[in-house]
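Reviewing the structure listed below.
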Amino acid sequence: MGEMSEAGERLLETAIELFYTEGIGAVGVDTLVERAGVSKPTLYAQFGSKAGLVAAVLDRRRKRRQRAITAFLEELDADPKEKLLSVFEWMARDQSLVGSRGCPFVNAAVELPDPAHPARVVIAEHKDWLRSTLAELSAEAGLADPEELGNALLLLIDGAHARVLVMGDHHEMSRTRATADRLIHAS
């Protein structure tokens, strides 16, 4: 994909909002282009298809989220174990925002069962990055088996996000931090 036009950018930002708030399958191409104030040919010229737009939406979200988490961790003045736990605090703040429906990547994966869908690659890359980040923080904290701990902590995070989607529980990540704390201190 080359340089994105202003209309393509409007479409992308509109899709970021609508896919998260209403669901990928529930938002048709007609709604997207109407709400963004662009034409259908713009969607196809900029993204190739709705699937390409979905992948671009998740890639934009992935980049934003990774930059935000990285910046948060870099600014944090804490010992390595507290830094690891602070990831849960960051997620809890994100999860408590009005309109939160949990993790946009997990939500999208549920809607996109085809493993060949281009967005599934973006979802896997983001989850692998987060698992890797948690494992690196675990290693910095000197914890036993940091790779396994990174996997376990990601499972806790994904479970807390699922509770938002399924139960509307916007405080689960805060409670999950306590579980992560016990798991970290047992390592």
Order of HIS170, HIS185, HIS161 under a 10 Å beta carbon neighbour criterion, fewest first: HIS185, HIS170, HIS161
Reach of LYS40 by Cα under 23 Å, taken over lysines that are not fewer than 8 positions away in the same chain: LYS50
Magnitude of the charge dipole, region 29-186, Cβ model with Lys/Arg +1 and Asp/Glu -1, debye to 20: 680 debye
From phi via Karplus (6.51, -1.76, 1.60), per-residue ³J(HN,Hα) for region 6-16 in Hz, x at Gly/Pro: 4, 5, x, 5, 4, 4, 4, 5, 5, 5, 4
Sorted by Cβ neighbour density within 10 Å, fewest at the top, the residues MET4, MET173, MET91: MET4, MET91, MET173
Option label - log10 I(q)/I(0) by the Debye sum over Cα atoms at q = 0.11, 0.15, 0.18 Å⁻¹ computed here, alternatives (i) -0.47, -0.86, -1.19; (ii) -0.48, -0.92, -1.33; (iii) -0.53, -0.90, -1.16: (iii)
Ranked THR179, THR14, criterion: other C-beta atoms within 10 Å, fewest first: THR179, THR14
Point-to-point label distance, SER132-ARG175, nm (Cα→Cβ direction, 7 Å offset): 3.3 nm
Approximate spin-label separation GLU147-ALA78, in nm, with each point projected 7 Å along Cα-to-Cβ: 2.6 nm
Packing-based order for 71-83, 119-131, 29-41, using average beta carbon neighbours within 10 Å, highest first: 119-131, 29-41, 71-83
Estimated [θ] at 222 nm from DSSP helical runs (n ≥ 4, -39500 (n - 2.57)) normalised by residues in the chain, nearest 500: -25500 deg cm²/dmol
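Only the coordinates and a few stated rules stand behind these numbers; no lab work does. Because the structure is predicted, anything quoted here is derived from the model rather than measured. Using ideal geometry, Cβ is built from the backbone for each residue, glycine included, and neighbour counts are taken over all protein chains shown.
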